[in-house]
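The values are calculated or read from the model by the stated rules, or taken from the named source; none is laboratory data. Everything numeric here is computed off the predicted structure, so don't read it as measured data. A quick note on method: Cβ atoms are made from the backbone with ideal geometry, for glycine too, and the neighbour counts reach across all protein chains shown. SASA here: full protein model, heavy atoms, side chains in, ligands and nucleic acids out. Shrake-Rupley method; radii C 1.70, N 1.55, O 1.52, S 1.80 Å.
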Amino acid sequence: MMYISKFKKINDKKGYTLVELMFYIALFSLLSMAIISTFITMSKAFKETTIQADLLQSSNILERISREVRQAYDINFISATDLRLNTIESNNRTIILRFVLSGYNIQVYQDDVFIGNLNIPSIEVTSLSFTQITTAQGKGVRITLSTRSNRDSLSRTYDFYSTAALRGSY
């Protein structure tokens with residue numbers, strides 16, 4: 001119905017119908033759910049990428065120890081979680097390089113002076129094992145390393161293995 005007044009027309013059909021309102025609410029809800037789902041998926045993927053980066057750092061720990069073993073000319077002392085290597089610096093000075101598991105950290109010492117931890121704070125070293133290998137051709141060290149990331153809610157443990165021969169042993 002339309003009423004005519006002196007100054008303007010009045011239309012009594014204003015606003016949205018209930019069906020239109022329900023349609024817009026449903027559409028907004030679906031779009032919101034899709035966006036939230038995407039954010040959750042991206043967040044999980046970022047967390048997994050961070051954990052994988054931590055594990056890559058763990059492999060760098062093993063590579064550093066293996067490299068130092070290869071550059072050493074003799075083993076000063078070895079136990080399950082403690083390795084001391086005799087190495088020579090470029091100025092022909094003999095130094096003792098030590099790798100030891102202390103709590104969840106692999107500590108490095110040079111001539112009994114603490115240099116630092118090999119692992120980053122977000123990595124826990126759950127086990128470290130050194131085994132001396134002696135053959136007729138020379139000496140070597142088998143290294144076993146198990147790590148996990150503090151950021152991993154599943155507490156997955158990853159194992160790394162390496163065997164390195166001392167440079168004066170082949």
Practice task
Kindly state which strands (runs of 3 or more DSSP E) lie completely within the range 101-170 and contain at least 1 residues that are open to solvent by 60 Å² or more (accessible area, probe 1.4 Å).
Solution key: 113-117, 123-134, 139-149, 158-165
Problem - Options Ser58, Ser29, Ser66: the member that is within 30 Å of the chain's Cα centre (by Cα), among the polar types (S, T, N, Q) and at pLDDT 95 or above - result: Ser66
Exercise for the section: Could you identify the single residue in Ser102, Ser129, Ser90, Ser79 that is at pLDDT below 95 and farther than 13 Å from Ala164 by Cα? Expected result: Ser90
Completion exercise
Of those in the range 21-74 that are among the acidic types (Asp, Glu) and in a helix (DSSP H, G or I), the residue surrounded by the most Cβ atoms within 10 Å (Cβ to Cβ) is Asp54
Practice task
Quickly run through the range 128-155 and pick out the residues that are out of contact with any Asp or Glu (no Cβ under 7 Å at 6 or more places or on another chain) and over 14 Å from Leu83 (Cα atoms).
Solution key: Thr134, Thr135, Ala136, Gln137, Gly138, Asp152, Ser153, Leu154, Ser155
Completion exercise
Restricted to the range 86-114 and to residues being closer than 15 Å to Ile61 by Cα and of a type in the set (Val, Ile, Thr), the residue nearest to the chain's Cα centre (by Cα) is Ile106
